[in-house]
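To start, the structure under review is shown below, and the notes come after it.
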Amino acid sequence: MQADAGTPTHCPYCALQCGMRVSADGAGGRPAVTITPRTDVPANDGGLCQKGWTAGELLTSPDRLTTPLLRERRGAPLRPAGWDEALDFAAARIRAIQAEHGADAVAVFGGGGLTNEKAYLLGKFARVALRTSQIDYNGRFCMSSAAAATNRAFGLDRGLPFPITDVARADAILLAGGNLAETMPPFVRHLTRMREAGGRLIVVDPRRTPTARQADLHLQITPGTDLALALGLLHIAIAEGLVDEDYIERRTTGFDAVRTSVSAWWPERAERVTGIPVAQMRETVRTLAAARNAMILTGRGAEQHAKGTDTATAFINLALALGLPGRPGSGYGCVTGQGNGQGGREHGQKSDQLPGYRRLDDPAAREHVARVWGVDPADLPGPGRSAYELLDALGTPDGPRALLLLGSNPVVSAPRAGHIADRIAALDLLVVSDLVLSETAELADVVLPATQWAEETGTITNLEGRVLLRRRAVPPPPGVRGDLAVISGLARRLGQDPAAFPEDPRAVFDELRRASAGGVADYSGITYERIEAETGVFWPCPAEDHPGTPRPFLDRFPTPDGRARFVPVDHRAAVEDIDDGYPIYLTTGRVLAQYQSGAQTRRIRALNEAAPEVYVELHPDLAERLGITAGERVRVTSRRGTAEGVARISTAIRSDTVFMPFHWAGDGRANLLTNPALDPTSRMPEFKVCAVRLERVA
């Protein structure tokens, strides 16, 4: 097969959105799918990870849902149903529940993997067809803390406010809480080019991950202390005269308050809290300050905490003090995770936002969007509960009685997952649109079989803020419909004008353009034709003759005075620290061959062979103390639940910490253990640190 054969599109997994071509070989039934990488997409530049190479296998998986399933009463089994029967049943139950309990008795939960068109229409459906305030999405568990921090510092939230190719131009990079070698392997190409040109990579992580092994300096931090580290680094930069005073004067405000606040974080104090030697902290700061171009990047390890917003802010303060944001080849960025984690929060899935990254409580924003939607602004509901708070309220006397769920599997992915499963089971109605019978879909009253990435057209926005086009490459199986058709079908049954909820993604995108016009995330100048011709367009792009904005901070920041804001923050301990009853830290994360809740990747043979089961990684000293040997099953218990996995003994982890990946269901669910304590600003749960105890399984 020729290298340029097949339909050009993008990978269904992470926010790198690697370019690939999809070809269907053979005739009849469901032909085999062949995937080859594209070289015209800068993010991956001809590379794919194992998940990308095998993505086509799920299209023909025997686990695919191809007909709606219906459970007419609790306790009855799911049975096959026709589309009209399933949608009629769901709509009738929604009307009855809202008539008895009010509009907010029906909730909507979306996903960071949905296309921009789906995210937009889902938000409109919630607020216009259902008139409910109860909508949020699993992206709240991804990048919300960094988003909150960048919004208050820069006036704009974009994962990387520069093209990913700028990474190779840097002379030094500090990566805090990211394991790109396993979560985004093609990203490592850019880091490798940087290091081959003489640049240095510094990684902050409690584990010596594959990414940390490639670093020139690994800061093996105590879990939950990234904020203290960032404060200590800024203290050193100020004390050693390494801050960029001219940049601070010209381009920022608020530095004096931050200078005062970090004066209490002398290096020796930061060392006691973080476990990082003072010499390594000084080396880090001097490396960044001496570099012609330097970057500070944060990932989930630093952000998924009840203080994640302040942690990201502290690293932004360090970047501003060194004069990095707005300089080509330099800056601060967040390595966002889910496939459309960026676009998914820009167009209305989030409980407090309207399309274009507008605030739902802003009267001007409500007026603009209501005009596009043809409704009275007063009829738009206000902000609702955040993701965990919404899930926690399901089935309670004051919470939603019904839930429409697209593109998420919270029974596995939510913190305190056992409790969330109980809350979902208490609903009067659960409607799930999915491509397989996920662990959450198994609890549903209505299950609707959804198309996949290669079977539909739509846009996604990658971690750079580049809007890309996924093209339909193969037809879906008979009986399967797209999420836009699901939303449209329900809206019509709830009395909405079909023209207001089109199934055609291009029509939805054209309306999204109008709704986003003038907003922070302005897509009004982006068209399908431009995306195809330019291999993606950077937002904001307010007109069709506008070039797009790959580097939005070059001349000014999108704040009222054009300056970036320093924000004083202070360290606080993890919500749940270790003690005699629970003497070990647990941290969680991903592995190379699996993705998110595993609903997709656990159904691909090659990926299961590479990562067949959940494991518990622990240090040899801890294993010896507990009498645990490699390969035996161990039980991990927190104050919320118990999970089990196979012991994997490694010197790559601290002796006071264990690690579990979170991709598996059943008794291997790492999120049975995790702490739902929330960041007060972003409402991000504290996924990355909690206290546990270990024991052998008899």
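The values are calculated or read from the model by the stated rules, or taken from the named source; none is laboratory data. Predicted model only: the values in this text are computed from it and were never measured. All Cβ positions, glycine included, derive from the backbone under ideal geometry; neighbour counts span all protein chains shown. Heads up: the accessible areas ignore ligands, DNA and RNA and are worked out on the full protein's heavy atoms, side chains in. Shrake-Rupley method; radii C 1.70, N 1.55, O 1.52, S 1.80 Å.
Quick one: with all protein chains in place, what share of the accessible area of the stretch 176-266 is carbon or sulfur, to the nearest percent (1.4 Å probe)?
About 47 percent, which is the carbon plus sulfur part of the accessible surface.
Using the Karplus curve 6.51 cos²θ - 1.76 cosθ + 1.60 with θ = phi - 60°, work out ³J(HN,Hα) for each residue of the stretch 219-236 in order, rounded to whole Hz, and write x for Gly and Pro.
9, 8, 7, 5, x, x, 10, 4, 5, 4, 4, 4, 5, x, 5, 5, 4, 5
What order, most packed first, do the peptides 67-75, 281-289 have when packing is the mean number of other Cβ atoms within 10 Å of each residue?
Taking the mean over residues of other Cβ atoms within 10 Å, the ranking is 281-289, 67-75.
Mind listing the long-range amide H neighbours of R359? Cut-off is under 5 Å, sequence gap 5 or more, other chains count too, H placed in the peptide plane at 1.01 Å from N.
Answer set, sorted by chain and number: L354.
Can you give me the % of accessible surface on the stretch 492-620 that is carbon or sulfur? Probe 1.4 Å, all protein chains present, nothing else counted.
Values: 2710 of 5550 Å².
Looking at the stretch 492-620 in its full context, I get 49 percent from C and S.
Which whole-number percent gives the relative contact order of the chain, counting Cα pairs below 8 Å spaced six or more residues apart?
Relative contact order here is 19 percent.
Once you charge only the Cβ atoms, +1 for Lys and Arg and -1 for Asp and Glu, what is the size of the charge dipole of the chain about its Cα centre, to the nearest 20 debye?
For the chain, the charge dipole is close to 420 debye.
Which one of G495, L512, V436 is farthest out on the positive end of the charge dipole of the chain, using unit charges on Cβ (Lys, Arg +1; Asp, Glu -1) and the Cα centre as origin?
Result: V436, furthest along the dipole toward the positive end.
Which residue, chosen from G482, G536, P558, occupies the Cα position most advanced towards the positive end of the dipole of the stretch 470-574, where the dipole is computed from +1 (Lys, Arg) and -1 (Asp, Glu) charges on Cβ about the Cα centre?
In the stretch 470-574, that residue is G482.
From the phi angles alone, apply the Karplus equation (6.51, -1.76, 1.60; θ = phi - 60°) to the stretch 431-445 and give each ³J(HN,Hα) in whole Hz, x where the residue is Gly or Pro.
Running phi through 6.51 cos²θ - 1.76 cosθ + 1.60 with θ = phi - 60° gives 10, 10, 9, 7, 8, 9, 7, 5, 4, 6, 4, 4, 8, 7, 8 Hz.
May I ask what percent, to the nearest 5, of DSSP beta bridges between residues of the chain are antiparallel?
45
Report the GluC sites (Glu not before Pro) located in the stretch 303-395 that are in a DSSP loop and have at most 16 other Cβ atoms inside 10 Å of their Cβ, or state none.
none
With Cβ to Cβ distances under 12 Å as the rule, what net charge do the other residues near P267 carry (K, R +1; D, E -1)?
-1
Among L65, V273, G224, whose Cα projects farthest towards the positive end of the dipole of the chain, with charges put on the beta-carbon of Lys, Arg (+1) and Asp, Glu (-1)?
L65
Per residue of the stretch 611-628, what does 6.51 cos²θ - 1.76 cosθ + 1.60 with θ = phi - 60° give for ³J(HN,Hα)? Whole Hz please, x for Gly and Pro, Karplus curve as stated.
Result, ordered by residue: 9, x, 7, 6, 9, 10, 8, 9, 6, x, 5, 5, 4, 5, 5, 9, x, 9 Hz.
Can you give me the long-range amide H partners of C18? Hydrogens built in the peptide plane at 1.01 Å from N, cutoff under 5 Å, separation of 5 or more residues or another chain.
The list, which skips near neighbours in sequence, is C11.
How big is the dipole moment of the stretch 513-600 about its Cα centre under a simple scheme where the beta carbon of each Lys and Arg is +1, that of each Asp and Glu is -1, and everything else is neutral? Debye, nearest 20, please.
Computed charge dipole of the stretch 513-600: roughly 260 debye.
Send over a whole-number figure in Å² for the accessible area per residue of the chain, probe 1.4 Å.
Ligands and nucleic acids excluded, the result is 32 Å² per residue.
For K350, list the lysines whose Cα falls under 24 Å from its own Cα; do not include residues on the same chain fewer than 8 positions away.
Partners within reach: K118, K124, K307, K688.
With the Cα gyration tensor of the stretch 437-596 in hand, give its eigenvalues times 5 under a square root as the equivalent ellipsoid semi-axes, listed largest first in whole angstrom.
Largest first, the stretch 437-596 gives 34, 31, 17 Å.
Give me the extension gain from A279 to R95: residue separation times 0.36 nm, minus the current Cα-Cα distance, reported in nm with one decimal.
59.8 nm
Extension gain R556-E529, at 0.36 nm per residue separation less the Cα-Cα distance, in nm?
Gain on stretching R556 to E529: 6.7 nm.
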